[in-house]
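Q: Provided herewith is a single structure, encoded as C-alpha cells, for subsequent inquiry.
What follows is calculated from the coordinates using simple rules that are stated; it is not laboratory data. Keep in mind it's a predicted model, so treat the numbers as computed, not measured. Quick reminder, even Gly has a Cβ in these numbers, built from the backbone with ideal geometry, and neighbours come from all protein chains shown.
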Amino acid sequence: MIRSVVRGFGAALPKRVVPNIELEGMVQTSDEWIVQRTGIKQRYIAGESETTASLGAAAAEAALANAGLTAADIDVVICATSTPDNTFPATAVNIQNRIGMHHGFGFDVQAVCSGFIYAISTADLYIRGGMAKRVLVIGSETFSRILDWNDRTTCVLFGDGAGAIVLEASEGEGKTSDRGILTCHLRSDGAHREKLYVDGGPSTTGTVGHLRMEGREVFKHAVGMITDVIEAAFEATGTTADDIDWLVPHQANKRIIDGSAKKLGIAEEKVVITVDKHGNTSAASIPLALATAAGDGRIKKGDLVMLEAMGGGFTWGSVLLRW
Ligand code: ACO
C-alpha cells in the first residue's frame with residue numbers, strides 16, 4: 001500500500017518584521033489589545049520585490065535542500081494561495097520556473113486559510129493513485145497586499161510568508177504506525193461568504209479588492225468546524241486525542257487554537273503556536289509552523305501530527321499524518 005511521506009520541509013519569511021507597536025501609528029489600536037485578543041506580537045510584511053512566488057520559491061528550495069533532493073526529483077508542484085502574483089499563470093508554475101523545473105506540472109489550489117490542507121490532500125491522491133512519486137506542496141501568501149490598512153479590525157491580524165514540504169511515495173503495510181498521511185477530511189460551505197471575503201476580483205470589479213471580515217462571526221463558527229474535522233480524523237483512524245504528539249493548527253488567533261485544543265482534550269504543550277511571531281499567514285501558516293517545530297526538533301520522525309485549518313468560504317479541513 002502506497003503512503004505519502006514527508007521527506008523535507010522549508011520556510012521563507014520577508015525581511016521586514018512589523019511589531020504591533022508600529023501599527024499603533026497607522027490605526028487606532030494598541031499592542032495590548034492585539035496581544036490580548038489574538039496572541040499576535042509581530043508579523044512579517046513583504047517588500048516590493050518580495051512576492052508570493054518569490055517567497056514560495058525560497059521555501060521550496062529550502063524544502064528540497066532539507067530533503068536532500070533537487071527540482072529534477074519532483075513530479076508536481078502544488079501551491080496553495082489566495083494572493084497569487086498574477087491572475088494567471090498559476091503561482092505554482094511561476095515557482096516551478098524559478099526553481100529551474102521544466103518538466104512535470106504545477107497548479108494552484110485556492111481554499112484561503114485551509115489551502116494547505118486542500119493542497120496536501122490533492123498531492124496525496126496523486127501519489128496514492130500512482131501519478132506522481134514526489135510532490136512539492138507549498139503554501140505562500142502576501143495578504144498585506146489585500147488588506148485595507150485603514151481598517152483596524154483586519155489589518156492587525158495578518159502577515160506574509162511561505163512554507164513547503166516534499167511528499168514522497170512510500171510502500172508500506174497501511175498500519176497507523178507506518179509513516180505518512182493517514183487520512184484527510186475537507187469541508188466547505190459557501191453560505192458563509194459574507195463573514196470573510198475579498199470585495200474585488202477580475203470578474204466582478206476588475207480590481208484586486210480588500211479583505212472584509214466579521215471577526216466575531218468567524219470566531220463563533222471556528223471552534224465547532226475545527227473539532228468536526230479533527231473528530232472525523234480520529235474516527236477514520238481509530239485514534240484519540242491521547243495518541244496525538246503534535247497539533248499543528250492554522251495560526252489565525254491563539255484564542256481559537258486554545259479553544260479547539262481544550263474542546264478536543266489535546267494538552268496545551270502538544271500545540272505548536274507561531275501566530276505570535278507570524279500573525280495569520282493564511283495558507284502559509286501550517287507549513288511555516290511545521291518548519292518551525294520540525295526545524296527546532298520538537299516534531300520527530302514517527303510522531304503523530306494533526307493539521308487543521310478553517311477560513312474564508314467557509315472552508316475547513318484536517319490531515320492526520322505520521323511524520
Ligand atoms: N484595536 C483596538 N480595538 C479594536 C481593534 C483593534 N485592532 N479591532 C476592533 N477593535 C474594537 C472593536 O471596534 C470593538 O469596539 P466596540 O466595542 O467599541 O465596538 C472592540 O474592539 C471589540 O471588537 P470585537 O470584534 O468584538 O472583538 P473580538 O474579541 O471578537 O476580537 C477578533 C476581534 C480578534 C477579530 C476576533 O473576533 C477574531 O479573532 N475572530 C476570528 C477571525 C479570524 O481569526 N479571522 C482570520 C481569518 S479566518 C481564519 O483564519 C480562521
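Q: I need the calculated FRET efficiency for the pair SER170 and ASP296, taking r as the beta carbon distance and R₀ as 30 Å, to the nearest 0.05. List each step's numbers first, then the result.
A: Details: r = 25 Å, r/R0 = 0.83.
With a Förster radius of 30 Å, E is 0.75.
Q: Return LYS15, LYS262, LYS41 ranked ascending by Cβ neighbour count within 10 Å, so the fewest neighbours appear first.
A: Working: LYS15 10, LYS262 13, LYS41 16.
In order of increasing Cβ crowding within 10 Å: LYS15, LYS262, LYS41.
Q: Enumerate the whole-percent occupancy of each 5 Å bin, from 0 to the last occupied one, for all C-alpha pair distances of segment 2-171.
A: 1, 10, 17, 20, 17, 12, 9, 7, 4, 2, 0, 0
Q: Additional query: Kindly provide the helix-only [θ] at 222 nm of the chain, computed as the sum of -39,500 (n - 2.57) over DSSP H runs of four or more divided by all residues, to the nearest 500 deg cm²/dmol? Intermediate values should be presented prior to the final figure.
A: Numbers: 10 runs with 103 residues, N = 323.
Dividing the helical sum by the residues of the chain leaves -9500 deg cm²/dmol.
Q: Shifting gears a bit: Looking at the chain as a GNM with Cα springs under 10 Å, which of MET213, MET306, MET26 has the largest mean-square fluctuation?
A: MET26
Q: Within segment 180-322, how many Lys pairs that are eight or more residues apart, or on different chains, come under 13 Å at the alpha-carbon? The partial results should precede the final answer.
A: Working: LYS195/LYS220; LYS254/LYS262; LYS254/LYS277; LYS262/LYS270; LYS270/LYS300.
Taking the Cα cut-off of 13 Å, the pair count is 5.
Q: Moving on. Over the chain, what is the relative contact order in percent, taking alpha-carbon pairs closer than 8 angstrom and at least six residues apart?
A: Working: 818 pairs, mean separation 83.1, N = 323.
After rounding, I find 26 percent.
Q: Once the convex hull of the alpha carbons of the chain is built, what does its volume come to per residue, in cubic angstrom? Before the final figure, lay out each step's value.
A: Values: hull volume 39.8 nm³, N = 323.
Dividing the Cα hull volume of the chain by its residues yields 123 Å³.
Q: With loop defined by DSSP as not H, G, I, E or B, and exposure as at most 11 other Cβ atoms within 10 Å, which is the longest segment of the chain clear of exposed GluC sites (Glu not before Pro)?
A: Details: sites that count: GLU48, GLU173.
The segment 174-323 is the longest one with no such site.
Q: Over the chain, what is the percentage of antiparallel beta bridges among all DSSP beta bridges, to the nearest 5?
A: Values: 43 of 59 bridges.
Restricted to the chain, the bridges split so that about 75 percent are antiparallel.
Q: Run down the aspartates and glutamates and flag those whose C-alpha is under 13 Å from the C-alpha of LYS133, throwing out any fewer than 8 positions away in its chain.
A: ASP73, ASP75, ASP124, GLU168, GLU171
Q: Could you tell me the center-to-center distance, by alpha carbons, between segment 1-73 and segment 230-277 in angstrom?
A: 21
Q: Using a Gaussian network model on the chain with a 10 Å cutoff between Cα atoms, which of GLY201, GLY259, GLY159 fluctuates the most?
A: Looking only at GLY201, GLY259, GLY159, the largest GNM fluctuation is found for GLY201.
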